[in-house]
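First the structure, in the form of structure tokens, and then the observations on it.
Coordinate-derived values only; no laboratory data. The structure presented is a predicted model; accordingly, all values stated were derived computationally and were not measured. With ideal geometry, Cβ positions are generated from the backbone for all residues, glycine too; neighbour counts draw on all protein chains shown.
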């Protein structure tokens, strides 16, 4: 039984109905559509999603969602705020790091993993109306010494292609 179905059943079967959130019309956006399908959480409180969807973006900033593949083939991501000038090309994007032990990409005693941008795409999930574009940054994963991680099969394939 889905969590949201269980909540509805519980609320209608008890006197807890007085504490149920008031249904409000939900503004449909790409973000809450994805969240609803992927996590199921946005349908629990559309007011929270609407609140954050309505916040203006800073004028001279964009959101760059760094995306990579973890050790078991799942996609991972994290977001950083950049100036549009830093997002003009792959070469101008900064590398970034994360704790690879949480993604099975590094041991706990030496867990730093470096994300190196490889490709930029317009972010379809966070469109803007102010002329700026948020971006998705596809990344490869490396050790701090610059060696590709074992799970970074794209780097290995690229090295074969360039032979």
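The order of 81, 103, 75, 143, going from fewest to most other C-beta atoms within 10 Å of their C-beta, is 75, 81, 143, 103. For the stretch 62-161, the C-alpha radius of gyration sits at 1.11 times the compact-globule guess of 2.2 N^0.38 Å, with N the residue count. Residue order for 160, 149, fewest other beta carbons within 10 angstrom first, comes to 160, 149. Can you tell me the FRET efficiency between residue 133 and residue 156 if r is taken as the Cβ-Cβ distance and R0 is 30 Å, rounded to the nearest 0.05? Efficiency, from the Cβ-Cβ distance: 0.45.
Ranked for footprinting exposure by Cβ neighbours inside 10 Å, fewest first, 57, 161 give 161, 57.
A convex hull fitted around the alpha carbon atoms of the stretch 113-163 yields 109 Å³ per residue. Can you work out the PRE-style zone for residue 79? Point 7 Å along Cα to Cβ, and I want the residues of the stretch 43-65 with backbone N under 15 Å. Correct set: 48-59, 61-65.
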